[in-house]
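Quick notes on the structure that follows.
The values are calculated or read from the model by the stated rules, or taken from the named source; none is laboratory data. Note that the coordinates shown come from a computational prediction; the quantities given were computed from them, not determined experimentally. Every residue, glycine as well, gets a Cβ built from its backbone with ideal geometry; the counts of neighbours run over all protein chains shown.
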Amino acid sequence: MIEIRKIEPELTYNIRHSVLRPHQTLEDCKYETDHEDGAFHVGAFYQRKLISIGSFCIEKNPDFQTEMQYRLRGMATLESFRKLGAGSSLISYAEDSIKGQGFDLLWCKGRTTVQGYYSKLGFEVHGKVFDYPPIGPHIIMVKQLK
């Protein structure tokens, strides 16, 4: 059974480092948005072990009309725990929280390697692939929250 709950940003750093930025320092895994007003972090736990994380912050992408936008950052699940539904449960939990605050759009800069995963969660591609140094090719993914 997966348990989903809000967590402190510091709990996200080790998974961000091991999954998303293994060739960078732990310091590089601390985002400037982690402690901003409105920012929150969600963790998925399996047998009390943190296995999946996502961070959410209020950030307006000028490509989108609505003012009520949240950005997803640093979504990651430990490799040996994928396919348990932790990531999709985490996103669903966060979407409910975001909609509850009156926001209607969630977007992210996703790696092209996980574009299909975000599509399964209801996100759509926006724009063209771009390089996000030093990580590699990314694409903007967006989801209207209803």
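Identify, by number, the condition in (1) closer than 18 Å to residue 2 by Cβ; (2) in contact with a strand residue (DSSP E or B) (Cβ under 9 Å, 6 or more places away or on another chain) that residue 88 doesn't meet. The failed condition is (2).
So which residues in the range 70-124 are aliphatic (A, V, I, L, M) and out of contact with any Phe, Trp or Tyr (no Cβ under 8 Å at 6 or more places or on another chain), if there are any at all?
75, 76, 78, 90, 91, 114, 121 - these are the residues of the range 70-124 that are aliphatic (A, V, I, L, M) and out of contact with any Phe, Trp or Tyr (no Cβ under 8 Å at 6 or more places or on another chain).
Please go through the range 92-146 and pick out each residue that is touching a Pro at 6+ places or on another chain (Cβ under 9 Å) and aliphatic (A, V, I, L, M). If you could, list the steps in order and put the result at the bottom.
From the range 92-146, those touching a Pro at 6+ places or on another chain (Cβ under 9 Å) are 111-113, 129-131; that's our starting set.
The one that is touching a Pro at 6+ places or on another chain (Cβ under 9 Å) and aliphatic (A, V, I, L, M): 129.
Could you go through the range 115-128 and let me know if any residue there is closer than 14 Å to residue 20 by Cβ and in contact (Cβ under 8 Å) with a residue 40 or more places away in the chain. No, that holds for no residue. Counting residues in the range 60-71 that are modelled with pLDDT of 95 or more and touching a helix residue (DSSP H, G or I) at 6+ places or on another chain (Cβ under 7 Å) gives one or more. What do you reckon, is residue 30 over 13 Å from residue 74 (Cα atoms), out of contact with any strand residue (DSSP E or B) (no Cβ under 8 Å at 6 or more places or on another chain) and either of a type outside the set (A, V, I, L, M) or touching a residue at least 60 places away in the same chain (Cβ under 8 Å) (or both)? In short, no.
Is at least one residue of the range 13-25 without any contact (Cβ under 8 Å) to a residue 24 or more places away in the chain, crowded, with 16+ Cβ neighbours inside 10 Å and part of a helix (DSSP H, G or I)? Among the residues of the range 13-25, at least one is without any contact (Cβ under 8 Å) to a residue 24 or more places away in the chain, crowded, with 16+ Cβ neighbours inside 10 Å and part of a helix (DSSP H, G or I), which makes the answer yes.
Applying the criterion of at least 3 residues that are surrounded by 15 or more Cβ atoms within 10 Å (Cβ to Cβ) to the strands (runs of 3 or more DSSP E) found wholly in the range 28-146 leaves 40-46, 49-58, 69-77, 105-111, 136-144. Residue 45 fulfils the conditions (1) in contact with an Asp or Glu (Cβ under 6 Å, 6 or more places away or on another chain); (2) farther than 30 Å from residue 1 by Cβ; (3) of a type in the set (A, V, I, L, M, F, W, C) except for a single criterion, (2).
Check whether at least one residue in the range 60-77 is over 24 Å from residue 32 (Cα atoms) and touching a residue at least 12 places away in the same chain (Cβ under 8 Å), and report yes or no. First the steps, then the outcome.
Of all residues in the range 60-77, those over 24 Å from residue 32 (Cα atoms) come to 65.
Applying the additional criterion that residues be touching a residue at least 12 places away in the same chain (Cβ under 8 Å) yields none.
No, every residue in the range 60-77 fails to be over 24 Å from residue 32 (Cα atoms) and touching a residue at least 12 places away in the same chain (Cβ under 8 Å).
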